[in-house]
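This report refers to the structure that appears directly beneath it.
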Amino acid sequence: MTQLFAQPYDISAVGFYFQTESEYAEKAAKLRNSYGSPVEEFELQFIDGESIDSQLFEALGVNQCNFAQFLEACDDWDDDQKRKVIIAVGECGYSFDLTSGDPDDFDIDLYEIDSLRELAEQFVEEGLFGEIPEPIRNYLDYNAIARDLGMDYSEITIAGTRLIYRCS
């Protein structure tokens, strides 16, 4: 389960760990600074959970307003949806509203392979460049094709998995 930490901006107060929205609300309501005043503003920090959820937390800029939706997304979304949002928001500059957004709305070409060269080989094999006879394929410069693909595609590692992507 994902664990977050609420670090008060008030330096005379001590923060707390939480895993759910209700736990956060309960602890935040009780928290007082050293002068007895309630503490209202926190910086939220990702403490423990899946590696992909940590990257999602960073990409979305999770804060007091959207952490509940983030925790829900951690439980409800599959890894592919999380990857798409991490890439779209963190790499491609899209915005995403956790309260009303759909992670499947992004048009991202995503390939789980290690390099642009492998992508070039896959594209030739799939016939993306037209029908190329087998004897001629031995003479193709896959490194040059990979360099050309690098103009539109980028590489990223998410939760230890190498991915090649293109934002449309």
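The values are calculated or read from the model by the stated rules, or taken from the named source; none is laboratory data. Treat the numbers as computed from the prediction; the structure is a model and nothing was measured. Heads up, the Cβs are rebuilt from the backbone with ideal geometry, glycines too, and the neighbour counts pull from every protein chain shown. Calculation scope for accessible area: heavy atoms of the full protein, side chains included, ligands and nucleic acids excluded. Shrake-Rupley method; radii C 1.70, N 1.55, O 1.52, S 1.80 Å.
Those residues that are surrounded by 14 or more Cβ atoms within 10 Å (Cβ to Cβ) and of a type in the set (A, V, I, L, M), I need them from segment 111-131; list them, please.
Ile113, Leu116, Leu119, Ala120, Val124
Check off (1) in contact (Cβ under 8 Å) with a residue 12 or more places away in the chain; (2) touching a strand residue (DSSP E or B) at 6+ places or on another chain (Cβ under 8 Å) for Pro38 and give me the number that stays unchecked.
Of the numbered conditions (1) in contact (Cβ under 8 Å) with a residue 12 or more places away in the chain; (2) touching a strand residue (DSSP E or B) at 6+ places or on another chain (Cβ under 8 Å), the odd one out for Pro38 is (1).
Limited to segment 1-41, what total is found for residues that are open to solvent by 80 Å² or more (accessible area, probe 1.4 Å) and among the basic types (Lys, Arg)?
Of the residues in that region, 2 qualify.
Of everything in segment 8-55 that's closer than 19 Å to Gly160 by Cα and either of a type in the set (A, V, I, L, M) or at pLDDT below 95 (or both), which residue is farthest from the chain's Cα centre (by Cα)? Break it down into steps so the answer makes sense when it comes.
So in segment 8-55, the residues closer than 19 Å to Gly160 by Cα come out as 46-55.
From what is left, the residues that are either of a type in the set (A, V, I, L, M) or at pLDDT below 95 (or both) are 47, 52.
Numbers: Ile47: 16, Ile52: 7 Å.
Looking at the filtered set, the residue picked out is Ile47.
Could you figure out which of (1) touching a residue at least 24 places away in the same chain (Cβ under 8 Å); (2) of a type outside the set (Phe, Trp, Tyr); (3) loosely packed, with under 13 Cβ neighbours inside 10 Å isn't true of Asp104?
Evaluating Asp104 over (1) touching a residue at least 24 places away in the same chain (Cβ under 8 Å); (2) of a type outside the set (Phe, Trp, Tyr); (3) loosely packed, with under 13 Cβ neighbours inside 10 Å leaves (1) as the failure.
In segment 132-164, what residues are open to solvent by 70 Å² or more (accessible area, probe 1.4 Å) and among the aliphatic types (A, V, I, L, M)?
Scanning segment 132-164 gives Ile136, Met151.
Residue by residue through segment 71-122, note down the ones that are polar (S, T, N, Q) and closer than 20 Å to Ala146 by Cα.
Ser115, Gln122
Of everything in segment 4-35, what is among the small types (Gly, Ala, Ser) and farther than 21 Å from Leu56 by Cα? Give them in sequence order.
Listed by number, the residues that qualify are Ser12, Ala13, Gly15, Ser22, Ala25, Ala28, Ala29, Ser34.
Checking the structure you have, find out if any residue of segment 53-62 is among the acidic types (Asp, Glu), under 21 Å from Ser154 (Cβ atoms) and in contact with a strand residue (DSSP E or B) (Cβ under 9 Å, 6 or more places away or on another chain).
We begin by selecting, within segment 53-62, every residue among the acidic types (Asp, Glu); these are 53, 58.
Subsequent filtering for residues that are under 21 Å from Ser154 (Cβ atoms) retains 58.
When the remaining residues are screened for being in contact with a strand residue (DSSP E or B) (Cβ under 9 Å, 6 or more places away or on another chain), the result is 58.
Checked against the condition, which is being among the acidic types (Asp, Glu), under 21 Å from Ser154 (Cβ atoms) and in contact with a strand residue (DSSP E or B) (Cβ under 9 Å, 6 or more places away or on another chain), segment 53-62 yields at least one hit.
State all residues of segment 42-53 that are assigned to a helix (DSSP H, G or I) and open to solvent by less than 40 Å² (accessible area, probe 1.4 Å); if no residue qualifies, say none.
Residues satisfying the conditions are Ile52, Asp53.
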